[in-house]
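Working notes for the structure below.
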Amino acid sequence: DQQVKQNSPSLSVQEGRISILNCDYTNSMFDYFLWYKKYPAEGPTFLISISSIKDKNEDGRFTVFLNKSAKHLSLHIVPSQPGDSAVYFCAASVSPIKGAQKLVFGQGTRLTINP
Amino acid sequence: SAVISQKPSRDICQRGTSLTIQCQVDSQVTMMFWYRQQPGQSLTLIATANQGSEATYESGFVIDKFPISRPNLTFSTLTVSNMSPEDSSIYLCSSGDFGTEAFFGQGTRLTVV
């Protein structure tokens, strides 16, 4: 039972364009969502998060949008840079307490930025 | 932010043996977690390592197979016992404290032959 789904295993985007990564979830109890970025042979690195009381959170080139009614969130990266090439994981939690969360992850989307 | 050192980074083990993975954080943290990422799959939480008490395991994971220690607020170990090829995965230690997002070690890539 996959509670967090990333239906696109891979995405290829031209440098300078917008990258949009999508994530769907099924558990309506989730109230905190995170995106992690992972390079080969490294652990996931926290990128950006959003609480269910918001519909948008922005941090530099990264923006996360949350649509609770659709149980859908997306990560926008603009402009995309070659260093953004990595695997991106969407994660969700039922606990709003940062650091105390048990995270449920999606399968990941491999983003490739082409020059 | 805090840094997690996890070792070994990779290992190849014979079936039936056990491997202990160590996770060291450079500061005291309240919460430590162990995840597994099987080939082509998402990260799945194995257990929460509690300091001073037994670990709390998620459905599908048991202490006999994955014993965990948490002797202090900076260190934890996960043992993968009586290994079979199905245990071949990346094992990740994660930590966080109240008010900070969870951060991860670099992972241990385990291959069981």
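Points worth noting:
- Sole residue being modelled with pLDDT of 95 or more and among the polar types (S, T, N, Q), chosen from A:Ser52, A:Ser95, A:Ser85, A:Ser28: A:Ser85
- Counting only strands (runs of 3 or more DSSP E) that sit wholly inside the stretch A:30-75, those with at least 1 residues that are within 12 Å of chain B (Cβ to nearest Cβ) and surrounded by 17 or more Cβ atoms within 10 Å (Cβ to Cβ) are A:32-38, A:45-51.
- The stretch A:17-45 - residue that is within 22 Å of A:Gln2 (Cβ to Cβ) and of a type in the set (Phe, Trp, Tyr) and, of those, farthest from the chain's Cα centre (by Cα): A:Phe30
- Hits in the stretch B:8-33 (condition: more than 11 Å from chain A (Cβ to nearest Cβ) and either within 15 Å of A:Gln101 (Cβ to Cβ) or part of a loop (DSSP other than H, G, I, E, B) (or both)): B:Pro8, B:Gln14, B:Arg15, B:Gly16, B:Thr17, B:Ser18, B:Asp26, B:Ser27, B:Gln28
- The stretch B:75-113, residues that are at the interface with chain A (Cβ under 8 Å from one of its Cβ atoms), at negative phi and in a loop (DSSP other than H, G, I, E, B): B:Asp97, B:Phe98, B:Thr100, B:Glu101, B:Ala102, B:Gly105, B:Gln106
The values are calculated or read from the model by the stated rules, or taken from the named source; none is laboratory data. Since the model is a prediction, treat every value here as computed from it, not as a measurement. Backbone-built Cβ (ideal geometry, glycine too); neighbour counts: all protein chains shown.
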